[in-house]
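The next block holds one structure in the form of structure tokens; read it before the comments.
The values are calculated or read from the model by the stated rules, or taken from the named source; none is laboratory data. Computed from a predicted model, the values in this text were never measured in an experiment. Virtual Cβ from ideal backbone geometry, glycine too; neighbours counted across all protein chains shown. We work out accessible area using only protein heavy atoms, side chains counted, and drop any ligands, DNA or RNA first. Shrake-Rupley method; radii C 1.70, N 1.55, O 1.52, S 1.80 Å.
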Amino acid sequence: MGPLSDEGLVQLLDADGTRVGDPDWEPYASHLTPEALRLSWRLMTLTRAFDAEATSLQRQGELGLWVSCLGQEAAQIGSGTAIREPDYVFPSYREHGVALTRSVDLPQMLTLFRGLEHGSWDPAQHSFHLYTLVIGAHTLHATGYAMAMDRDGLVASGQPDKDGAVVCYFGDGATSQGDVNEAFVFASVNNAPIVFFIQNNQFAISEPTTRQSRVTLAQRADGFGIPRVRVDGNDVIAVHAVTQWALRHARAGQGPVLIEAFTYRMAAHTTSDDPTRYRSHADEEKWRQRDPIARLEKHLDSLGELSQEYRDEVAAEAKALGKRTRETVKSWERPPLLTMFDHVYAEPHAQVEAERAWFDRYQQSFIDEGSHA
Amino acid sequence: MTDTTSGSTAVERESAVKTMTMAGAINAGLRAAMERDDKVLLLGEDIGQLGGVFRVTDGLHKDFGGDRVIDTPLAESGIVGTSIGMAMRGYRPVIEIQFDGFIFPAFNQITTQLAKMHYRSHGAIQLPVVIRVPFAGDIGAIEHHSESIEALFAHTAGLRICSPATPQDAFDMVQQSIFAPDPVLFLEPKARYWDKGDVDTDAVRTRLDDAAATADIGRARIARPGTDVTLVAYGPTVRTALQVADVAADEGTSVEVVDLRSISPLDIPTVVRSAKRTGRVVVVHEAPTAHGVGAEIAARVGEEAFFHLKAPVMRVGGFHMPYPPSKFEHEFLPNLDRVLDAVDRLMAH
Ligand SMILES: Cc1ncc(C[n+]2csc(CCOP(=O)(O)OP(=O)(O)O)c2C)c(N)n1
């Protein structure tokens, strides 16, 4: 069973939008009322609208780069909606949907991609760490953070409602990194409360997952003694259920869990990438048939739970988000140049201070010259 | 630098002065830091029951337990990376890397993550992580056990790098590093672990929970005043420089020795003041001279003291080669003869 097979996937909603019975996992989805499902549909729709807007802003030269999550909305919203206080999230760089569930202001995120700053939100405020661009590096931070949560008495406290855990997102390519494997070792031997969430979108830029592994990515967990589950990543209900289970397991002090959400990156890797060089239209079409949003939409429709009124409401919200995104991005000015020197260190550092002072004088010299003219 | 310990009388303070090896002083400093704040955690390979391969953490596992003195998996990147996560929750991890040559698996975590988190979070995330590294050579070891790594890290903004040359500084600076808000690479000159000196354990030179603590680490020290030549050294080469000064004095040359203590930041003002006094500067370090800390100092002295110089700034350090087999290390290292030779050449100008 290789990393691109869809064997062994937990599924609660099939590609036609029909609910699938699964006695093992159903209990973790049974609380999902039509209202909760509508919310998931709404969050996925907003994520996609924002993503589309950011893509076009990049095309128009307003953003340096954009990393689309098109097609991965169910993996992100399904898991994101299972997260609560005091859980803490460590994303990689494609988790815009998860960010939405953490109440990060999506337009504001784009300062990173517009080249204004390296980190756009306050991680503590959203329990959502900054994006990490070095593949796999954050999986260790997540593990250390989880170990510290355990030390701080936030795990298996005797009051399950108050317990917390970490959710750490990364891709299929990342599983080849040494850091990810070290994170598994540390999490395992320390029984850390962490859920490793692999979004197997089948590509690391151009390389298919078969260049990273001969077995399913979920099977990686076995050698570390970490329980694992493989889920249909385009099934928002199943993703929610397995994440719910995994989080309860971790919060209860039972240690780490690995989830492999099998999905597909429908867009290019980033706006700099050209997927026509490494995959076929037929493949893309096959996965378009499994679109996670359409799937839930069909399901809600069959239940008669998606009124035209609600659709219109969400469509208007999506449109407004797009407009606000565009306006926000265009409204930004570059901050004063000297702020570039801020926060290199927590305390003054002679070299930084000297260079800031020099640069200030250098700039002033032009202003002085100008004023003579 | 003056002692700012207030309220204690001279008699009481004298009672706190003990003769210690540098390893013992670091051990005492770690102990004091752990007693002061239970958020201080020690992490590393073999640092628990064994007390570290150099026994620097000896006895701490027994007294503080395995929850505070943590034997980690054998994974340097993992140690640094998980420490970053723990520091995000308010812990003060103090990592021991077993030998300098084994820090490279963690190079990525240190340079791309640890050093940069404060900057990219606009100051929202402080990472008070200390990485203790038994560094440099002269112990007759096999390969990868004697490297000088400072220049490889000094190029990265966001890290502080320091190296004590005396037991007193080792005791003070390890605590100051632990309670500083920035990550610190704390380079322990392993060949000097067994050097003895007096340590005043009451007088950590500035209050620890004060910004002045970090500023103090960044300050160089005139280890010996002189008028003809300035030797700039740090860590293991300070003792060599002092020996050179003794020999040179017999030959009628007055050598001033500047102990940098800190490599990032560099206390350039102290070096430049000394350069202006003597007009002649030699930088002495074990690391290869090419692209090294000495090159930085030579350039800075050139920029800031050019008209005071009687001769070009010289460097004495290792060669551009892998650290050689130990039978050759005495010629690779800036030994007494090579430093004296540089002093003589400067005096001939
Ligand atoms: C350590 C490292 N090596 C290479 C890169 C360049 N790079 C950026 S994304 C990427 C592919 C990552 O694939 P995967 O982990 O599957 O995540 P995905 O982008 O598909 O979500 C590569 C090679 C990087 N960012 N970091």
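If the condition is being within 13 Å of chain B (Cβ to nearest Cβ) and in a loop (DSSP other than H, G, I, E, B), then region A:147-164 contributes A:ASP152, A:GLY153, A:LEU154, A:VAL155, A:GLY164. Taken over region A:134-165, the residue count meeting the criterion of being open to solvent by 50 Å² or more (accessible area, probe 1.4 Å) and away from the ligand (no atom under 16 Å from the Cβ) is 10. Which residues, taken from region B:80-120, are of a type in the set (Lys, Arg) and either in contact with a helix residue (DSSP H, G or I) (Cβ under 7 Å, 6 or more places away or on another chain) or open to solvent by 40 Å² or more (accessible area, probe 1.4 Å) (or both)? Result: B:ARG89, B:ARG92, B:LYS116.
For B:ARG55, the conditions (1) within 14 Å of another protein chain (Cβ to nearest Cβ); (2) of a type outside the set (Gly, Ala, Ser); (3) touching a helix residue (DSSP H, G or I) at 6+ places or on another chain (Cβ under 9 Å); (4) open to solvent by 10 Å² or more (accessible area, probe 1.4 Å) all hold with the exception of (1). Residue-level analysis places A:ARG102 among those that are more than 16 Å from the ligand (Cβ to nearest atom), touching a strand residue (DSSP E or B) at 6+ places or on another chain (Cβ under 6 Å), open to solvent by 10 Å² or more (accessible area, probe 1.4 Å) and within 25 Å of A:ALA318 (Cα to Cα).
When B:ALA32 is tested against (1) at the interface with chain A (Cβ under 9 Å from one of its Cβ atoms); (2) out of contact with any Gly (no Cβ under 8 Å at 6 or more places or on another chain), exactly one condition is not met: (1).
Of all the listed residues (A:ARG295, A:ARG324, A:ARG311), the sole one being in contact (Cβ under 8 Å) with a residue 40 or more places away in the chain, open to solvent by less than 60 Å² (accessible area, probe 1.4 Å) and of a type outside the set (Gly, Ala, Ser) is A:ARG295. Applying the criterion of being more than 16 Å from the ligand (Cβ to nearest atom), touching a Gly at 6+ places or on another chain (Cβ under 8 Å) and open to solvent by less than 20 Å² (accessible area, probe 1.4 Å) to the residues of region A:242-271, the residue that is nearest to A:GLU85 (Cα to Cα) is A:ARG251. Residues of region A:334-351 being more than 7 Å from every other protein chain (Cβ to nearest Cβ) and in a helix (DSSP H, G or I), which ones? Across region A:334-351, the qualifying residues are A:LEU337, A:LEU338, A:THR339, A:MET340, A:PHE341.
Filter region B:280-299 down to the residues that are surrounded by 18 or more Cβ atoms within 10 Å (Cβ to Cβ) and not hydrophobic (A, V, I, L, M, F, W, C) and list them by number. Passing the criteria: B:ARG280, B:HIS285, B:GLU286, B:PRO288, B:THR289, B:GLY292, B:GLY294, B:GLU296.
Scanning region A:47-56 for residues that are open to solvent by 10 Å² or more (accessible area, probe 1.4 Å), in contact (Cβ under 8 Å) with a residue 40 or more places away in the chain and not acidic (Asp, Glu) turns up A:ARG48, A:ALA49, A:ALA52, A:THR55.
Residues of region B:252-310 that are within 29 Å of B:ALA170 (Cβ to Cβ) and aromatic (Phe, Trp, Tyr): none at all. Within the set A:ASP274, A:ASP283, the sole residue that is away from every other protein chain (no Cβ under 14 Å), loosely packed, with under 12 Cβ neighbours inside 10 Å and free of Cβ contacts under 8 Å to residues at least 24 places away in the same chain turns out to be A:ASP274.
In the set A:ARG334, A:ARG361, only one residue is open to solvent by 60 Å² or more (accessible area, probe 1.4 Å), in contact (Cβ under 8 Å) with a residue 60 or more places away in the chain and of a type in the set (Lys, Arg); that residue is A:ARG334. What's the number of the condition A:ASP222 fails, among (1) open to solvent by less than 50 Å² (accessible area, probe 1.4 Å); (2) more than 16 Å from the ligand (Cβ to nearest atom)? That leaves (1) as the condition not met. Annotation note: of B:LEU114, B:LEU127, the sole residue that is under 29 Å from A:PHE341 (Cα atoms), within 16 Å of the ligand (Cβ to nearest atom) and not β-branched (Val, Ile, Thr) is B:LEU114. Only one of the numbered conditions (1) within 16 Å of the ligand (Cβ to nearest atom); (2) surrounded by fewer than 22 Cβ atoms within 10 Å (Cβ to Cβ); (3) within 14 Å of another protein chain (Cβ to nearest Cβ); (4) over 24 Å from A:ASP232 (Cα atoms) is not met by A:LEU112, and that is (2).
Considering only residues in region A:166-219 that are more than 14 Å from chain B (Cβ to nearest Cβ) and more than 13 Å from the ligand (Cβ to nearest atom), the one that is most open to solvent (accessible area, probe 1.4 Å) turns out to be A:ARG214. A residue that is touching a residue at least 60 places away in the same chain (Cβ under 8 Å), within 14 Å of chain A (Cβ to nearest Cβ) and open to solvent by 10 Å² or more (accessible area, probe 1.4 Å) cannot be found anywhere in region B:232-251. If you go through region A:126-146 and keep only what is at the interface with chain B (Cβ under 7 Å from one of its Cβ atoms) and under 19 Å from A:LEU112 (Cβ atoms), you end up with A:LEU130, A:VAL134, A:ALA137, A:HIS141.
Residue under question is A:ALA252, and the condition is that it be among the hydrophobic types (A, V, I, L, M, F, W, C) and out of contact with any helix residue (DSSP H, G or I) (no Cβ under 8 Å at 6 or more places or on another chain); does it hold? For A:ALA252, the condition - among the hydrophobic types (A, V, I, L, M, F, W, C) and out of contact with any helix residue (DSSP H, G or I) (no Cβ under 8 Å at 6 or more places or on another chain) - is not met. If the condition is being open to solvent by less than 10 Å² (accessible area, probe 1.4 Å) and either within 16 Å of the ligand (Cβ to nearest atom) or in contact with a Ser or Thr (Cβ under 6 Å, 6 or more places away or on another chain) (or both), then region A:115-128 contributes only A:GLY119.
In region B:252-271, the residue that is farthest from the chain's Cα centre (by Cα) out of those that are within 11 Å of another protein chain (Cβ to nearest Cβ) and among the polar types (S, T, N, Q) is B:THR270. All conditions but one from (1) open to solvent by 30 Å² or more (accessible area, probe 1.4 Å); (2) touching a strand residue (DSSP E or B) at 6+ places or on another chain (Cβ under 8 Å); (3) within 14 Å of another protein chain (Cβ to nearest Cβ) apply to B:LEU74; the one that does not is (2).
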